[in-house]
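Input: a single structure, listed below in structure tokens.
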Amino acid sequence: MELAACGLAKRFRRNTGDANFLEAVHPVDLTMHSGEMMVLTGRSGSGKTTLLTMLAGLLPPSDGTAALDGKDLYSLSDAGLSRMRARHFAVIPQGASAVTSMTVMENILFPASLAGKDPPVRQAETLMERLGILKLRNVWPGELSGGELRRMSIVRALAAGPDFVFADEPTADLDDGNTALTLGILKETALEGSAVFVVTHDREAAAYADVLLRMDAGKLYKI
Amino acid sequence: MTPRKLPMRNILRHPGRTASLTVLVAFLALSLFSGSVIVMSLMSGLRSLENRLGADLIVVPATSRGKIDPEKIYLQGTTGYYYMSASKLDEVRAMEGVVQASGQVFLASLRADCCSMPIQVIGFDPATDFTIRPWIGERMKTDLGKMEVAAGSRVNAGVNETIRIYGQPCLVAARLDESGTGLDTAVYCTMETMAELLSAAREMNHELKIDGDPAGVVSAIYVKTHPGEADRLAGEIRQTRSPKVTVIQTRTVTSDVERSLGGVSHTIAVLIICVWLLDLVLLTAAFLLLGGERRREFAVLRSLGMSRRDLAYLALKEAALISFFGGMNGIFLGLLILLPFSGLIEQALGLPYLRPGWPTMLALCAASLAAVCAAGPGAALLSARKLSRADIGTIMREGT
Ligand SMILES: Nc1ncnc2c1ncn2[C@@H]1O[C@H](COP(=O)(O)OP(=O)(O)OP(=O)(O)O)[C@@H](O)[C@H]1O
Ligand SMILES: [Mg+2]
């Protein structure tokens, strides 16, 4: 499978001094392939999250298309796009993203039930074990630390084996050991056939990348 | 956890939020349910009063008017006694335009004979009666024998029990249907029995003034007239002397009641509408306010693959569940208030009050619940719309 961005751009309404809009992402051409890990770095505010959310079908672009196997995501109805996201996409958002009324394990298995898949209990347990949160399976998210929540959302994204993974600074609040582990797990996911898109400030991440990208003031550069 | 079970889980995991919304919804149910029960009770009270009265004119001794308001006996069950010679009955019966005339004798029992409060004993003449027998007949096939009584629904004595009235044992031969009026606290017997009771009462209570033979007195004369003759006959009867009498036209009693009933129902309806408007505004505001806190939660669910429709469904189903709980609570509270205190409500309103039967009550419960289950999600609509429309990309970046 491939996800192709063509002239994908985002403008926000905002007074920037010289204009009354902000070009958060200049037109981007980019293709994500199965089995490939892309790593995007760049300064804060350069437009990384904006690009990621557009690719992940969560933010309609001002211009351009993002097409999954030739089908533009944003030409679909909301229900159609949501179904597609549930089936093929997994997102590890930048902020906190636990559903507080579900336990850790329920959070992790929820996306599969949305996609109508069998609960991937085995894979979930294996990943939780590796990331050291298996004993937290029946705990409420409100009782977890930031790093534990982050690891929960990583397992939640990866357990059901999605075709596309979008990770927005997945290692931001993790220690060195867990950072290396997480990047390794994301790389494995790519090797198993997923397309992985990681936004990170982590220098080590470059070593895992098949494609390394950098963003600066809304413009995307291949390195 | 599946999307279908999520609404219930959200409700259970947020008891504070759930409780506050439930209270607001319960008020909707309580006001609608109890309001309509009260209005219906008043209407059936009036209808039963009209049926039970059955007479066009009621004639009582003039002196009694000062002491006791005869209207009160029918509407509220005030007990009293006043007598005149039965010759008055013959005089009235002989008048032109009278279809039927029948006498009744009233006696207030002493307390403690059977009941915690004094009860009204009403003697009637089975041969001429047309106001009591149709009603008693519904419950009793054979006629009342000597020293037998039929007990009103609020008299605390079962069939075949013996109660003592002024020391005289009386067998309860039947219990009557509820009428919602003062008639419910009375027992009924024939004139023959009444004469015995009057003699006994005169022995025990020297203030009871009966001239002559107790068998020869009546307290009230019930008159059925030819159509359109009631006004003329009332005037004619008022002219008669020895003794002077007061004539009550039942149509004025019931139309008085009807008028105040109209006022009360109107007030209740306005109250219900005010409560609903206020409560719906509050409820909508509460849903919006609580929805504000849930923007991030909904954005997360959306990022996991839920569609706008899924989210709207989630929000509305939560509202519907809360409405159901709240509605049940409100109705339950309504029953708790209405069932034990219907006597107090009747007293406070001063109108005949007859609670509808259980089938009607159940229908009212169901209708109130249905109304609330529609109103709750209705109030949540705006919030559900806002939550499901929100731009996820933006919310997801709004920090932690
Ligand atoms: N909804 C919005 N309205 C207006 N401006 C926005 C909006 N969303 C993002 N921006 C702006 O667009 C620019 C890019 O934001 P974005 O979140 O993509 O940056 P980022 O590279 O992810 O930064 P960070 O590394 O801090 O997460 C920023 O200047 C931001 O202020
Ligand atoms: Mg970002």
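A few points about this structure:
- Output for region B:150-186, where each listed residue is within 19 Å of B:E196 (Cβ to Cβ) and touching a Phe, Trp or Tyr at 6+ places or on another chain (Cβ under 7 Å): B:A150
- Of the candidates B:I331, B:I337, the single residue that is of a type in the set (A, V, I, L, M), surrounded by fewer than 17 Cβ atoms within 10 Å (Cβ to Cβ) and within 29 Å of the chain's Cα centre (by Cα) is B:I337.
Yes/no per residue for (1) crowded, with 21+ Cβ neighbours inside 10 Å; (2) modelled with pLDDT of 95 or more; (3) in the same structural domain as B:M40 (by TED's automatic domain parsing):
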{"residue": "B:T267", "(1), (2), (3)": "no, no, yes"}
{"residue": "B:C274", "(1), (2), (3)": "no, no, yes"}
{"residue": "B:V281", "(1), (2), (3)": "no, no, yes"}
{"residue": "B:A286", "(1), (2), (3)": "no, no, yes"}
{"residue": "B:M306", "(1), (2), (3)": "yes, no, yes"}
{"residue": "B:R309", "(1), (2), (3)": "no, no, yes"}
{"residue": "B:F324", "(1), (2), (3)": "no, yes, yes"}
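- B:R296 vs. criteria outside any helix (DSSP H, G or I), of a type in the set (D, E, K, R) and modelled with pLDDT under 90: no
- Tally, over region B:132-152, of residues that are at pLDDT below 80 and of a type outside the set (G, A, S): 11
- Breaking point among (1) under 18 Å from A:K219 (Cα atoms); (2) assigned to a strand (DSSP E or B), for A:L3: (1)
- Residue in region A:109-121 that is away from ligand 1 (no atom under 16 Å from the Cβ), more than 12 Å from chain B (Cβ to nearest Cβ), of a type outside the set (V, I, T) and surrounded by 15 or more Cβ atoms within 10 Å (Cβ to Cβ) present: yes
- Candidate set from region B:45-62 (those that are modelled with pLDDT of 75 or more and not small (G, A, S)); member that is surrounded by the most Cβ atoms within 10 Å (Cβ to Cβ): B:V59
- Residue check, A:S194 touching a Gly at 6+ places or on another chain (Cβ under 8 Å) and crowded, with 20+ Cβ neighbours inside 10 Å: yes
- Taken together, the residues in region A:14-27 that are within 12 Å of ligand 1 (Cβ to nearest atom) and either on the phi > 0 side of the Ramachandran plot or not polar (S, T, N, Q) (or both) amount to 7.
- Odd one out for B:P340, checked against (1) more than 14 Å from chain A (Cβ to nearest Cβ); (2) without any contact (Cβ under 8 Å) to a residue 60 or more places away in the chain; (3) part of a helix (DSSP H, G or I): (3)
- Scan of region A:141-154 for residues that are closer than 22 Å to A:S34 by Cα and either within 13 Å of chain B (Cβ to nearest Cβ) or surrounded by fewer than 20 Cβ atoms within 10 Å (Cβ to Cβ) (or both), ordered by number: A:S153
- If the condition is being more than 7 Å from chain B (Cβ to nearest Cβ) and either under 13 Å from the mean Cα position of the chain (by Cα) or of a type in the set (V, I, T) (or both), then region A:78-97 contributes A:H88, A:F89, A:A90, A:I92.
- When restricted to residues that are in a loop (DSSP other than H, G, I, E, B), more than 10 Å from ligand 2 (Cβ to nearest atom) and within 12 Å of chain B (Cβ to nearest Cβ), region A:30-61 contains 6.
- Looking only at residues of region A:198-223 that are under 16 Å from the mean Cα position of the chain (by Cα) and within 13 Å of ligand 1 (Cβ to nearest atom), we find that the one that is farthest from A:D173 (Cα to Cα) is A:L213.
- In region A:16-29, residue modelled with the lowest pLDDT [restricted to those that are more than 26 Å from A:G70 (Cβ to Cβ) and within 16 Å of ligand 2 (Cβ to nearest atom)]: A:L22
The values are calculated or read from the model by the stated rules, or taken from the named source; none is laboratory data. Every value quoted in this text rests on a predicted model; they were computed, and no experiment measured them. Every residue, glycine among them, receives a Cβ derived from its backbone with ideal geometry; neighbour counts consider all protein chains shown.
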